[in-house]
1. Within segment 134-159, track down each residue that is part of a strand (DSSP E or B) and either of a type in the set (A, V, I, L, M) or more than 16 Å from the ligand (Cβ to nearest atom) (or both).
2. Filtering segment 100-133 down to residues that are β-branched (Val, Ile, Thr) and assigned to a strand (DSSP E or B), which residue is farthest from Asp326 (Cα to Cα)?
3. Being buried (at least 24 other Cβ atoms within 10 Å of the Cβ) and at pLDDT 95 or above is true for just one of Leu110, Leu128, Leu120, Leu90. Which residue is that?
4. Of Val54, Val22, Val37, which residue is in the same structural domain as Ser228 (by TED's automatic domain parsing) and not in a helix (DSSP H, G or I)?
5. Within segment 185-244, which residues are within 16 Å of the ligand (Cβ to nearest atom), open to solvent by 70 Å² or more (accessible area, probe 1.4 Å) and assigned to a loop (DSSP other than H, G, I, E, B)?
6. Output the number of residues of segment 160-177 satisfying the condition of being polar (S, T, N, Q) and within 14 Å of the ligand (Cβ to nearest atom).
7. Of everything in segment 2-32, what is over 12 Å from Met233 (Cβ atoms) and in contact with a helix residue (DSSP H, G or I) (Cβ under 8 Å, 6 or more places away or on another chain)? Give them in sequence order.
8. Has segment 105-114 got at least one residue that is out of contact with any Ser or Thr (no Cβ under 7 Å at 6 or more places or on another chain), within 16 Å of the ligand (Cβ to nearest atom) and more than 27 Å from Phe245 (Cα to Cα)?
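The values are calculated or read from the model by the stated rules, or taken from the named source; none is laboratory data. Treat the numbers as computed from the prediction; the structure is a model and nothing was measured. Cβ placement follows ideal geometry from the backbone for every residue including glycine, while neighbour counts extend to all protein chains displayed. These area figures cover heavy atoms from the full protein model, side chains too; ligands, DNA and RNA do not enter into them. Shrake-Rupley method; radii C 1.70, N 1.55, O 1.52, S 1.80 Å.
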Amino acid sequence: MILMNNFQAEPAELIQQEIAAVEKVIKSGWYILGNEVRNFESAWASRCGISYAVGVGNGMDAIEIGLRALNIGPGDEVITTPMTAFATVLAIIRAGATPVLADIDPITALLDPASVERCLSSHTRAMLLVHLYGQVRNMDTWIALCKHADIHLLEDCAQSHLASWKGKVAGSFGDWGAYSFYPTKNLGTMGDGGAIITNSEELANQARVLRNYGQSQRYHHSELGLNSRLDEMHAAILTARLGWFDFFTARRKEIAKAYFDGIKNPLVHLMAEPVDSESHVYHLFVILCDERDRLNNYLREHGVDNLIHYPIPVHHQVPCKSIRRDLKGLIHAEAHAARCLSIPCHPQMSDGEANKVIEVINEFK
Ligand SMILES: Cc1ncc(COP(=O)(O)O)c(C=O)c1O
């Protein structure tokens, strides 16, 4: 089976570096909020071209902490997309704020500005963009829209590590960006991890307080915070993996290019190509098919693993059925959920495996 991810096929040299990183932490005798977290935070901030990164427990907490750091909570609305990981919307709800769902652009599956505008109200405090599948697009439009509406621009970058638009990296356009380092992400650890990136010293300080029980100094709790700290072990692993990041991202792009060049089947549609090579990092390579479920079974039968991101849009999830949404409906999100399918696109895939995926898809009748 050609897998969606294959960690066992990672280079032996990387595995040795990870073992050395873990050994260093064990021998240091310091496991929470120490040098490894500080080093990784500064390395990640520097790669993002931003002033501060604050390591937290996971990508979902990064969003919750980011919202709380901006005092966005009860009574405040945050506009986002129904075509995302449930965690995006759950984090808004956990911060005490109210999510409002706008529809997507059918070509990119990213938020549609016209729909976002229809969702604005006097309670809107922010728009949380999700750079879905690894794509960063139209940031000029989003910056202008948020400025005009006088709301915060926030970025969920869990799928878009270092994707960039006109030279600026995902997460650096608005007040903050929230990253996840879940194992399958473009930069992932061997467990959970996340970070908030920001140019605001005040927001970074507030995020540091919130991740650590709301503790401003030892045993002084100025807030009711979370326990959500990136730990030393994961920070050390992430530092080791960061050394391979560019190489792995380049490989994802090569596979995507092979798919764009090679997949030719009238029953299968490709999504929009990125505007340039930096604006998509291919966390996922998504294809569209009217007979998606038949294609899903066919691929598995022919040795090609696949997943659906996402089969159920957020507004159809049981706890979210009454969430306010675009009055015109979320038609494109629903159509996308019925047709989308993610095919293997990870750095350890060989050319032979990519060609096999193309061949199998092209033979689908
Ligand atoms: C778009 C998006 N947002 C948020 C998250 C949550 O990240 P984590 O699993 O690290 O909490 C994910 C992870 O799946 C994601 O894909």
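1. His152, Leu153, Leu154
2. Filtering segment 100-133 for residues that are β-branched (Val, Ile, Thr) and assigned to a strand (DSSP E or B), the one farthest from Asp326 (Cα to Cα) comes out as Val130.
3. Leu128
4. Going through Val54, Val22, Val37 in turn, just one is in the same structural domain as Ser228 (by TED's automatic domain parsing) and not in a helix (DSSP H, G or I): Val54.
5. Once the filter is applied, which keeps residues that are within 16 Å of the ligand (Cβ to nearest atom), open to solvent by 70 Å² or more (accessible area, probe 1.4 Å) and assigned to a loop (DSSP other than H, G, I, E, B), segment 185-244 yields Met190, Asp192.
6. 1
7. Ile2, Leu14, Gln17, Ala20
8. So far as segment 105-114 goes, no, none of its residues is out of contact with any Ser or Thr (no Cβ under 7 Å at 6 or more places or on another chain), within 16 Å of the ligand (Cβ to nearest atom) and more than 27 Å from Phe245 (Cα to Cα).
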